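Let me begin by presenting the structure, written as structure tokens, before commenting on it.
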Amino acid sequence: MRAIISVSDKSGVVDFARGLKDLGIEIFSTGGTKKSLETAGVKIHSVSELTGFPEILDGRVKTLHPAVHGGILARRDLPQHLSELTQNRIEPIDMVVVNLYPFVETVSKPGVSLDAALENIDIGGPSMLRSAAKNFPSVLVVVNPGDYDTILQKLRQGNIDSEYRKRLAQKAFQHVALYDTAIAQYLNEEAFPEEITIALKKARSLRYGENPHQQAALYLEQNVKQRQDGLASLEQLSGPEISFNNLLDLDAALNALSDFSSPTIAIMKHTNSCGLASHDDLAEAYRRALTGDPVAAFGGIVASNRIIDLATAQEVDKSHYDAVIAPEYQKEALELLRRKESLRLAKAIPYHPSSSEPYHDFRRVRGGLLAQMPDTLTASELIPRVVTRRQPSEAELSDLLFAWKAVKGIKSNAIVVAKDKTLLGMGAGQPSRVVSVELALKRAGDRAKDSVLASDAFFPFADGPELAIKHGVTAIIQPGGSVRDKEVIELADKYNVAMVFTGIRHFRH
């Protein structure tokens, strides 16, 4: 047997090459791989010995040669192919061990130049991988160092069946596809190009999906222009395995917190905020968030945009939750929360999206994907406009802006009632906006007096605002844009209620 080894990731390659040599396999190599193997005392040949041609153009051309690709692509079951190899003095190549130039690592560095990026686009490697994978019944193709031990074991046993060869070929084609996708991402300057591929890597298997009869796994998007924050940076610190539904809630929690710069706690249930509050004292923020719906909070997710300190941990410890997520934990806080074996503790880099971030929000539909840019709006981009005779007070305006951020993380039709930067009640996912108002007010109860209300989209009728005003709401923030805006504004003026239009909406279906 003859093998070509040319790898960027040299993990385990020396021991693998030694194992191949012990089996009598002749090895050819190039550049840095050849140097590493020879330094380790593994006797190999240069690919130039196969081609009869030196590496040229600073190594850009070394394996792009008929002696290489003919040896890889020749079908062993076709006498004509073998005859042509003999006629052209080409010998078969039985194994290709290749992984590619570190393109992603290169372009992820700050300030990398276009020239540096282009020099790290591998050409010969993908070509050899594709050739070997195409001819997998005759050629072993290896891209993952994690497969080295298994392959050596199978070679020693003389038992590499067709199914295993096919699996290696699939890995090779997928490896090249991910690589090509990264290059296309780097070169792309369009928000929505005519063609697009999405690169995904499996992060973990999950026990099941939303329900026990559904298989599931977590895949993370590989995008060279996207920061690895949120669930991409998730690290579990303790507790049972994080479930599919936990991940949905954790993602929703990180999204809900993304617009808040001050210390904020969110309590999530079924991807909605049933509690949310901002306060300079994080423990107080938690206590206030819990008042949003202490019953619904049971078994939910607690999320913080600040390091969880001992005082906050002591408050969280008083209730039952499925998971807690934060950027970090003080040592004493972590020790306390870890005592609950059923509590999943995780940390992650918070989302800090901006309207300029090259990030697609994908939604799966049968037969395809919907793609949109994320719903981001910085504080400087939001220009609230008072449309009533009465201006909101300073306290009301502060609460209105809090409620406007809060309503963005709740499913439409979404309504938030808030006071003192605390969510008092919310209505979510109702076909009727006035029903969402009713639900939010019911949850707020008597606390709705002198509160503010936010709506994620305009009020189509005056009935929703009128109901809120009768329950004590003194200021309302909404996008505006309804044909009945005048009627709604007149109602607010009638009751001396301040109303602010944002000019944008926050639908979340």
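The values are calculated or read from the model by the stated rules, or taken from the named source; none is laboratory data. Keep in mind that what you see is a predicted model, and the values were worked out from it rather than measured. Here the Cβ is made from the backbone with ideal geometry for all residues, glycine too, and neighbour counts use every protein chain on show.
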If we scan region 214-224, do we find a residue that is out of contact with any Leu (no Cβ under 9 Å at 6 or more places or on another chain), at pLDDT 90 or above and among the small types (Gly, Ala, Ser)? no
May I ask you to verify whether Tyr164 is more than 16 Å from Leu100 (Cα to Cα), in contact with a helix residue (DSSP H, G or I) (Cβ under 6 Å, 6 or more places away or on another chain) and assigned to a helix (DSSP H, G or I)? no
Qualifying positions in region 177-195 - touching a residue at least 40 places away in the same chain (Cβ under 8 Å) and under 19 Å from Asp361 (Cβ atoms): Thr181, Gln185, Ala191, Phe192
Quick check on Asn245: is it polar (S, T, N, Q), under 26 Å from Ser412 (Cα atoms), without any contact (Cβ under 8 Å) to a residue 60 or more places away in the chain and in a helix (DSSP H, G or I)? yes
Given (1) of a type in the set (S, T, N, Q); (2) part of a helix (DSSP H, G or I); (3) in contact (Cβ under 8 Å) with a residue 40 or more places away in the chain, identify the lone condition not met by Ser138. (2)
In region 317-345, how many residues are in contact with a strand residue (DSSP E or B) (Cβ under 8 Å, 6 or more places away or on another chain) and either more than 23 Å from Phe244 (Cβ to Cβ) or free of Cβ contacts under 8 Å to residues at least 24 places away in the same chain (or both)? 9
Can you find a residue that is of a type in the set (A, V, I, L, M, F, W, C) and over 43 Å from the mean Cα position of the chain (by Cα) anywhere in region 96-113? no
So which residues in region 1-34 are within 15 Å of Ile72 (Cα to Cα) and basic (Lys, Arg)? Arg2
Having 1 or more residues that are surrounded by 14 or more Cβ atoms within 10 Å (Cβ to Cβ) and of a type in the set (D, E, K, R) is the bar; report the helices (runs of 4 or more DSSP H) wholly within region 280-364 that clear it. 282-290, 310-316
Which of the residues that make up region 205-227 are touching a residue at least 24 places away in the same chain (Cβ under 8 Å) and closer than 30 Å to Pro110 by Cβ? Leu218, Gln222, Asn223, Val224, Lys225, Gln226, Arg227
Restricting to region 81-102, count the residues that are within 19 Å of Val47 (Cα to Cα) and in contact (Cβ under 8 Å) with a residue 24 or more places away in the chain. 12
Just to be sure I understand, how many residues within region 73-93 are closer than 20 Å to Phe136 by Cβ and β-branched (Val, Ile, Thr)? 2
Would you check if Ala182 is assigned to a helix (DSSP H, G or I) and either charged (D, E, K, R) or crowded, with 16+ Cβ neighbours inside 10 Å (or both)? yes
Somewhere in region 425-443, is a residue within 18 Å of Gly409 (Cα to Cα), buried (at least 19 other Cβ atoms within 10 Å of the Cβ), of a type in the set (Ser, Thr, Tyr) and not assigned by TED's automatic domain parsing to the domain that holds Ser262? yes
State all residues of region 22-72 that are charged (D, E, K, R) and more than 17 Å from Val141 (Cα to Cα); if no residue qualifies, say none. Asp22, Lys34, Lys35, Glu38, Lys43, Glu49, Glu55, Asp58, Arg60, Lys62
Of the residues Leu85, Leu64, Leu50, which is in contact with a Gly (Cβ under 7 Å, 6 or more places away or on another chain) and either exposed (fewer than 13 other Cβ atoms within 10 Å of the Cβ) or not in a loop (DSSP other than H, G, I, E, B) (or both)? Leu85
Looking at Ala475, Ala414, can you tell me which residue is under 27 Å from Gln372 (Cβ atoms) and in contact (Cβ under 8 Å) with a residue 60 or more places away in the chain? Ala414
Across region 95-135, what is the total count of residues that are crowded, with 18+ Cβ neighbours inside 10 Å and either part of a strand (DSSP E or B) or among the basic types (Lys, Arg) (or both)? 6
